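The values are calculated or read from the model by the stated rules, or taken from the named source; none is laboratory data. All figures in this text were calculated on a predicted structure; none of them were measured in a lab. Note: ideal-geometry Cβ built from the backbone for every residue, glycine included; neighbour counts use all protein chains shown.
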Amino acid sequence: MTTVSTPASPLEQRRVLRTTIPGPRSVALGVRRAAAVAAGVSSTLPVYVARASGAVIEDVDGNVLIDLGSGIAVTSVGASAPEVTAAVAAQAADFTHTCFMISPYEEYVAVCEGLARVTPGSHDKRSVLVNSGAEAVENAVKIARRATGRPAVLVLDHAYHGRTNLTMAMTARAMPYKTGFGPFAGEVYRVPASYPLRDPEGMTGEQAALRAIDVAERQVGADQVAALVVEPILGEGGFVVPAPGFLSTLASWAADKGIVLVADEVQTGFARTGAMFAMEHEGVVPDLVALAKGIAGGLPLGAVTGRAELLDAVHAGGLGGTFGGNPLACAAALASLEIYERDDLAGAARAIEAAVLPRLTALQRDVPAIADVRGRGAMLALELVRPGTLEPDKAAAQRVAAACAAQGVLVLTCGTWGNVLRLLPPLVIGHDLLDEALTVLEDALRTV
């Protein structure tokens, strides 16, 4: 006889601390983990999750924490969104896998149709579905190389593109992403990014772009470049928003030189920055867009969407993978796309920015260690330094994040030097819950 469990009711959207963080059951699981999980896999939060709903996480000890990380911008529609879980359950009842390359199904096609509709530009588009952001970036490079016949790939300083061999080569930061894992894929070249806090005073976005172009033309040669891969806002590199004109100047140069412009919107995409895609803030239409994270409400899915002539330049069988576009993930993506558009989550991200940014800016005046407050939408950050300098203070960022966790608020760090606090709340977070989380963060910054 099969027993069907009754789904648990959604978690109340409030912070609850029943034990110290971590609690005894999380501590016990930590002991089991040490004996079974590879030491190279790290975790930010020292607790083990039992449930998650909306903008809160319940741990195995019954503590309920406010989530300002969204699984690194994945659960943007909220953790365990009812429409997503219902779509996945219905699809699982029909079939869980066939491999689209063997026996295709409508859900894959429907996701590609949806991506053609929501990504920037009105041109004819095609898509390929994969499993992750790194795989999406790899496939974008494959497509660009095949379409142009050129070998070289340009990336920005402070960039992060993934943990596969090629994307490690494309990633700027050595530790923990690259150290000890080489040699890496060749024909990857790095040019300077726009980093307003650390660029020469008065440097415009256009000047920063011309600096990058000069390096590319001198050290690589534009006629050798297949793709210029850019994050419209640097993600792991520190949530750095480029100066106005940087992306548009690079885009014009790439178009003039026949270089495929690839937007890595893995972290910035799907309403996160207050537009459906971050490239829209500068009116730039990329040739290819690499997507993942927020695409499917928590299920593993990635995609490359772009100009039909580029994707169709690849021979039959040149793109694909066993699990790419898994039907469960596709069902989740279709439900998520409906939520983004129906509930105007880009507008919700802008409202989060309007609520958070003034408080962080005011805090900056009181806390000398905050060198910069930046970001767009619900992708916001504070860069911490030793007061009176621009020397990065990684230890301070870690202490603040730990202090927030102890009070039941999950805050992530990032940055080339590990000195940036980043805020990535679910786009559905309630105002009161967000206000409470910010109060905890402010107290931690003032105390630490």
Residues of region 60-97 satisfying the condition of being under 10 Å from Ala332 (Cα atoms) and aliphatic (A, V, I, L, M): Ala81, Val84, Ala86, Ala87, Val88, Ala89
So Ile57 ticks every box in (1) over 24 Å from Leu382 (Cβ atoms); (2) surrounded by 13 or more Cβ atoms within 10 Å (Cβ to Cβ) but one. Which box is left unticked? (1)
Go through (1) farther than 23 Å from Gly162 by Cβ; (2) surrounded by fewer than 24 Cβ atoms within 10 Å (Cβ to Cβ) one by one and return the number of the condition Leu299 breaks. (1)
With respect to Glu135, determine if the residue is under 17 Å from the mean Cα position of the chain (by Cα), assigned by TED's automatic domain parsing to the domain that holds Ala185, modelled with pLDDT of 95 or more and over 27 Å from Ala208 (Cβ atoms). yes
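For region 343-360, does any single residue satisfy the condition of being more than 20 Å from Thr273 (Cβ to Cβ) and out of contact with any Gly (no Cβ under 6 Å at 6 or more places or on another chain)?
In the first step, residues of region 343-360 are kept if they are more than 20 Å from Thr273 (Cβ to Cβ); the result is none.
No, every residue in region 343-360 fails to be more than 20 Å from Thr273 (Cβ to Cβ) and out of contact with any Gly (no Cβ under 6 Å at 6 or more places or on another chain).
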So if I check each of Ala354, Ala335, which one is free of Cβ contacts under 8 Å to residues at least 60 places away in the same chain and assigned to a helix (DSSP H, G or I)? Ala354
Matching residues in region 249-273 - criterion: being in contact (Cβ under 8 Å) with a residue 40 or more places away in the chain, more than 18 Å from Gly238 (Cα to Cα) and buried (at least 20 other Cβ atoms within 10 Å of the Cβ): Thr249, Leu250, Ile259, Val260, Val262, Phe270, Ala271
When you scan region 419-433, how many residues do you find that are buried (at least 24 other Cβ atoms within 10 Å of the Cβ) and not aliphatic (A, V, I, L, M)? 4
Within region 375-398, tally of residues that are surrounded by fewer than 20 Cβ atoms within 10 Å (Cβ to Cβ), touching a residue at least 60 places away in the same chain (Cβ under 8 Å) and not in a loop (DSSP other than H, G, I, E, B): 0
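Would you check which residues across region 55-76 are over 18 Å from the mean Cα position of the chain (by Cα) and either of a type outside the set (S, T, N, Q) or at positive phi (or both) and list them?
Answer for region 55-76, where residues must be over 18 Å from the mean Cα position of the chain (by Cα) and either of a type outside the set (S, T, N, Q) or at positive phi (or both): Val56, Ile57, Glu58, Asp59, Val60, Asp61, Gly62, Val64, Leu65, Ile66.
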Looking at Val137, Val153, which is the one that is in a helix (DSSP H, G or I) and either surrounded by 16 or more Cβ atoms within 10 Å (Cβ to Cβ) or polar (S, T, N, Q) (or both)? Val137
Among the candidates Ala159, Ala144, Ala227, which residue alone is in contact (Cβ under 8 Å) with a residue 60 or more places away in the chain, within 27 Å of Tyr108 (Cβ to Cβ), in the same structural domain as Pro327 (by TED's automatic domain parsing) and not in a strand (DSSP E or B)? Ala144
